[in-house]
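Report on the structure given below.
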There are 2 protein chains.
Amino acid sequence: MMDILIVEDNEEIGGLLQDFLEAEGYDVYFATSGEEALEVYAEEGAKLVVLDIMLPGIDGFGVCSRIRENSNTPIIIVSAKNAKEDKLNGLMLGADDYIEKPYDIDILIAKIAGIFKRRYSSDEIVDGNIRLDKIGRRLYVDGTEMTTTSKELDLLIYMLENKGKVLPKEELFNKIWGFDSESEIQTLTVHMKWLREKIEKDPKKPERIQTVWGVGYRFE
Amino acid sequence: MMDILIVEDNEEIGGLLQDFLEAEGYDVYFATSGEEALEVYAEEGAKLVVLDIMLPGIDGFGVCSRIRENSNTPIIIVSAKNAKEDKLNGLMLGADDYIEKPYDIDILIAKIAGIFKRRYSSDEIVDGNIRLDKIGRRLYVDGTEMTTTSKELDLLIYMLENKGKVLPKEELFNKIWGFDSESEIQTLTVHMKWLREKIEKDPKKPERIQTVWGVGYRFE
DNA sequence: ATTTTTTCTTAAGATTTTCTCAAAATGTGA
DNA sequence: TCACATTTTGAGAAAATCTTAAGAAAAAAT
């Protein structure tokens with residue numbers, strides 16, 4: 001199943017949008033008509049649909065209701081400015097969001113990211129004796145809850161999501177503290193120590209958070 | 001396809017940059033206008049584009065979006081200092097990185113190397129009884145993991161990627177230690193010894209890392 | 001406003017990696 | 001084979017990097 005199905009009759013707009021979304025890491029299909037969209041959707045499905053209302057042939061409402069017939073795939077309706085009727089109808093049909101043309105690509109990307117996050121990002125990571133509830137921001141080790149600070153949890157999440165990779169200190173630091181942080185890189189190592197105390201059996205001999213000399217850390 | 005396409009209207013800066021990058025071993029083309037860049041790009045393509053934003057005629061953003069239309073060639077945006085808007089726009093348009101003018105050539109080279117590494121080099125090298133995980137920076141010999149130091153691993157990677165070639169000591173040394181290293185070339189031979197101990201069946205009779213008398217080494 | 005919690009800084013000490021040196025071993029060409 | 005050049009090797013020194021602890025600063029909660 002693809003990530004995003006774009007339905008848009010203007011090839012230029014659709015193509016550009018496709019590029020942007022692919023740059024964000026989504027698997028995108030771009031359909032230029034309602035017919036094509038429904039066909040592709042029936043064939044393969046999609047996690048989210050970005051749907052222009054103004055389409056030749058079957059219009060956006062038609063596509064929306066057909067998709068809604070037997071699924072609750074999130075749909076973002078795109079339509080010309082001030083088409084209030086569109087907004088009403090679209091939302092009535094169960095679209096998840098609505099955006100006006102011409103739209104700010106940033107906002108659309110943010111909306112999409114938000115939907116993906118709410119809908120598809122697993123809220124729990126389980127790895128060995130570690131269970132991490134991302135939504136509730138709680139960490140369980142061997143079934144018992146550990147209190148963690150915000151930074152610790154962010155760090156752990158990032159490492160869990162990049163298990164097996166060597167994560168250079170700079171990368172970790174930039175991801176968690178922001179590339180423009182004023183803090184010292186040493187701060188990272190201090191947080192690592194605290195994390196180790198919480199998740200390692202023997203913090204003196206870390207098995208999960210391994211240090212890779214001269215480079216950074218690797219989560220196992 | 002060339003390695004790097006530089007787009008920069010200042011001939012002096014661009015020419016200098018070209019020299020530096022060619023010294024790093026890249027195949028570089030230097031275009032002085034957006035038009036020329038797009039033409040050359042359409043003709044031949046490039047693995048990476050270093051793009052100045054301020055250009056006469058089609059500006060950098062234009063070039064960026066045109067290139068992005070049907071490719072995801074990595075793009076590094078170069079722009080005047082503190083032009084946060086440029087940064088935002090550039091990154092929005094799908095640039096992979098951003099660097100401020102005046103920039104440190106070393107940093108740009110590092111960014112480029114990073115992109116090439118992430119984008120165009122595979123994660124795992126398998127060769128005979130050796131398996132090397134570049135992402136995790138781990139070495140397996142006959143299936144069992146060997147601990148390696150950073151330099152050892154760098155050396156081994158370089159040799160694996162240049163299998164069969166005679167690698168002069170100076171070349172190896174410059175690649176791993178940097179041409180401006182203060183260390184003695186002897187250091188290289190010490191590291192070779194350590195590597196041999198890790199990957200050779202009989203380190204006294206090396207089969208993989210062969211000595212080429214008076215020149216350097218060759219990996220078989 | 002005060003307390004509590006989190007985050008950051010710092011510096012000493014521990015650890016690991018890297019480098020240097022010189023003797024021993026090996027290869028090369030006359 | 002011999003003299004010479006180059007490489008290998010081992011041991012220890014030096015340098016770099018990481019860990020840790022303790023206290024200061026900042027942020028959040030009460």
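A few points about this structure:
- Cα principal axis extents for region B:132-198, largest first, Å: 35, 22, 22
- Angle in degrees between helix A:105-120 and the longest Cα principal axis of chain A, rounded to the nearest 10: 70
- Other-copy label distances relative to residue B:185, 7 angstrom Cα-Cβ extension, nm: 3.1
- For GluC sites (Glu not before Pro), the sites in region B:99-202 that DSSP calls loop and that have at most 15 other Cβ atoms within 10 Å are B:161, B:182, B:184, B:200.
- Choice from B:123, B:202, B:59 with maximal GNM fluctuation in chain B (Cα, 10 Å cutoff): B:202
- Taking Cα centre as origin and charging only the Cβ of basic (Lys, Arg, +1) and acidic (Asp, Glu, -1) residues, the dipole magnitude of chain A rounds to 1400 debye.
- Sorted into 10 angstrom bins from 0, the C-alpha pair distances of the protein assembly as shown split as 4, 16, 20, 24, 22, 10, 3, 1, 0 percent.
- Prolate/oblate/rounded label for region A:1-71 (Cα gyration tensor, a/c 1.5): oblate
- The simple Förster model, with R0 at 41 Å and r as the Cβ-Cβ distance, assigns residue B:10 and residue A:129 a FRET efficiency of 0.10.
- Each copy carries a label point for residue A:144 at 7 Å from Cα toward Cβ; from one copy, the others' points are 3.7 nm away, ordered from shortest.
- Positive-end residue, chain B charge dipole about Cα centroid, Cβ charges, pick of B:62, B:190, B:14: B:190
- Beta bridge orientation in the protein assembly as shown: antiparallel %, DSSP, nearest 5: 50
- Residue-averaged beta-carbon neighbours from other chains (10 angstrom radius) around A:155-165: 1
- Residue order, fewest to most surrounding Cβ atoms within 10 angstrom, among B:194, A:213: A:213, B:194
- Projected onto its three principal axes, the C-alpha set of chain B covers 64, 33, 33 Å, listed from the longest axis down.
- Selection among B:140, A:120, B:78 by position relative to the dipole of the protein assembly as shown gives B:140 as farthest towards the positive end (Cβ unit charges, Cα centre).
- Nearest-first distances (nm) between copies at residue A:124, label 7 Å from Cα via Cβ: 3.0
- Across B:47, B:111, B:201, mean-square fluctuation computed from a Gaussian network of chain B (C-alpha pairs under 10 Å connected) peaks at B:201.
Just so you know, all these numbers are worked out from the coordinates, no wet-lab data involved. This is a predicted model, so every value here is computed, not measured. Backbone-built Cβ (ideal geometry, glycine too); neighbour counts: all protein chains shown.
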